[in-house]
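Undergrad: First the structure, which I've put down as structure tokens, then a few questions once you've had a look.
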Amino acid sequence: MVTIKDTCRICGQSNLYDFFDLGSMPPANTLISQHTFNMKEPEFPLAVTVCLPCGFMQLKHVVNPNILFRYYQYMSSASSPYVDHFRKLTGLLIKECSLVKGSLVIDIGSNDGSLLKAFIKCDMKAIGIDPAQNLARQANMDGIETICNYFTPQVAKSIVIKDGPAKLVTATNVFAHVDNLKNLIEAIDIVLDSDGTFVAQFSYLGDIILSNAFDTIYHEHLSYFSIESLTRLFAKSPLELISAEKIPIHGGSLRILVKKRGGRKNLATKLSSQLTEEKALRLHEKETYRQFAIRAQAVKKKLINLLVSLAKDKKFVVGLGAPAKGITLINFAKLTDNYIRFIVDSTPAKHSHFTPRSRIPIVPERVLRESPPDYAVIFAWNFAEEIMRKTNFIKKNGGKYIIPIPNVKII
Ligand code: JHZ
């Protein structure tokens, strides 16, 4: 069920720096139903290691993807700012990649089809690929053609035979989830048209370090890329990295544009200046990571101390958002419903469930109006603005927000 990854996923060397062990954890997206409440869910080791020459962080253990991805409770459509982001991304990519009506767009890890919906509205031909049976079924029912599988060279070949090559292949928050990147790149190369573009978005290692986002470490996120590590990865591949743009989504991500070798190279100069900029983040130095782990422990301590004192004062504390990253934080800090009475979340599939191990109930957003809290911990801190706007009655009732990342802050 678990394999140890003791060589760098980018360069293959084995001299890795182990610096942060979060302990044994249940998978973040395996929420517990009433049915399984009294059963003990599986837990797997969660620790990160770094390849200093690549400036690349990776998990030390790889959990079998079938455990993580065959049934998936996270739905992109539940976060309205994310849906809005997809709508804008669609417009941008249609322009950037010169797509026309009928162009084939393939989304790897298409989830509930939120991104493809926007392309279909613009008259593109869209195909999603996702291993989650519940999501693929729902997307197909919603009229978004979705292949329930991982994206492999075999799947890529079958798409080309049936629908021809793709003008655009997207992967939002999937690239970091794949163990065998060589295999993934081979599949993209097979399916991409000669002038096609591959676009991926995922959390940026530089932002994770800068904003202390240690909670984005969970079993699904096998890789934490710097721009340097991406240039090294693609240098050895049939595809060419054209650009790596920093974008704010999910607390700081990268959007990369990739083409078949020999395609456009107009952004090459920008990449080299970004690499120079990245040097200031010291992603090749042990000390950067050592300090990151120390800061994570400090956040944990401060959060526990705060919640313990609020519990002593009999304050009513709830959580806002039950994202995967919240599960890392909750279990790392060993929080239970003694401290967080319940968590409200906008994803219907998460309701009537409990957080894994800690067993905190997850409830619909309306419950918050029925019982406004004294304090609300925003676990989905990347959407803090939207969440505070939606729940401004908390403030009006004299309640306060706690934002745990980058540092525990009361608002
Ligand atoms: P959100 C997901 O992680 C999963 P998560 C995945 N593994 C990945 O890589 C990252 O994205 C990048 C809720 N919410 O998007 C909805 C509200 O309740 O930060 C979600 O459950 N009210 C693919 O899970 C959660 O918060 C709201 O108003 O860490 C947000 O999860 C809004 C806006 C969201 O990602």
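Undergrad: For segment 75-106, what are the residues that are more than 13 Å from the ligand (Cβ to nearest atom) and closer than 17 Å to Gly143 by Cα?
TA: At the first step, the residues of segment 75-106 found to be more than 13 Å from the ligand (Cβ to nearest atom) are 87-106.
Matches in segment 75-106: Gly102, Leu104, Val105, Ile106.
Undergrad: Hey, does segment 27-40 have a residue that's assigned to a loop (DSSP other than H, G, I, E, B), among the hydroxyl-bearing types (Ser, Thr, Tyr) and under 18 Å from the mean Cα position of the chain (by Cα)?
TA: yes
Undergrad: Further, regarding this structure: Just checking, does segment 379-400 include any residue being among the basic types (Lys, Arg) and either in contact with a strand residue (DSSP E or B) (Cβ under 6 Å, 6 or more places away or on another chain) or surrounded by 15 or more Cβ atoms within 10 Å (Cβ to Cβ) (or both)?
TA: yes
Undergrad: In addition: Hey, could you check segment 362-378 for residues that are surrounded by 15 or more Cβ atoms within 10 Å (Cβ to Cβ) and closer than 19 Å to Leu310 by Cα and say which is farthest from the ligand (Cβ to nearest atom)?
TA: Ranking the candidates gives Asp374 first.
Undergrad: On to the next question. Could you tell me which residue of segment 321-358 is farthest from the chain's Cα centre (by Cα), considering only residues that are in a loop (DSSP other than H, G, I, E, B) and either over 25 Å from Pro406 (Cα atoms) or of a type in the set (Gly, Ala, Ser) (or both)?
TA: My answer is Ser352.
Undergrad: If you scan segment 24-48, which residues turn out to be more than 15 Å from the ligand (Cβ to nearest atom), in contact (Cβ under 8 Å) with a residue 60 or more places away in the chain and within 27 Å of Ala293 (Cβ to Cβ)?
TA: Hits for segment 24-48 are Glu41, Glu43, Phe44, Val48.
Undergrad: Starting from segment 234-259, keep only residues that are within 10 Å of Phe198 (Cα to Cα) and charged (D, E, K, R), then list their pairs with residues that are assigned to a strand (DSSP E or B) and within 13 Å of the ligand (Cβ to nearest atom) whose Cβ atoms are within a distance under 6 Å, requiring at least 6 positions of separation or different chains.
TA: none
Undergrad: Do you know which residues across segment 215-237 are of a type in the set (D, E, K, R) and assigned to a helix (DSSP H, G or I)?
TA: Going through segment 215-237, the residues of a type in the set (D, E, K, R) turn out to be 215, 220, 228, 232, 236.
Of everything in segment 215-237, those that are of a type in the set (D, E, K, R) and assigned to a helix (DSSP H, G or I) turn out to be Asp215, Glu228, Arg232.
Undergrad: I would also like to ask the following. For His35, which of the numbered conditions (1) over 24 Å from Ile185 (Cβ atoms); (2) touching a His at 6+ places or on another chain (Cβ under 8 Å) fails to hold?
TA: (2)
Undergrad: So if I check each of Gly321, Gly326, which one is at positive phi and either within 16 Å of the ligand (Cβ to nearest atom) or surrounded by 18 or more Cβ atoms within 10 Å (Cβ to Cβ) (or both)?
TA: On the way: Gly326 fails: at positive phi.
Criteria check complete, one pass: Gly321.
Computed from the coordinates by the stated procedures, all read-outs in this text should not be read as laboratory data. Quick caveat, the model's predicted, so the values are computed rather than measured. Cβ atoms come from the backbone with ideal geometry, glycine included; neighbour counts cover every protein chain shown.
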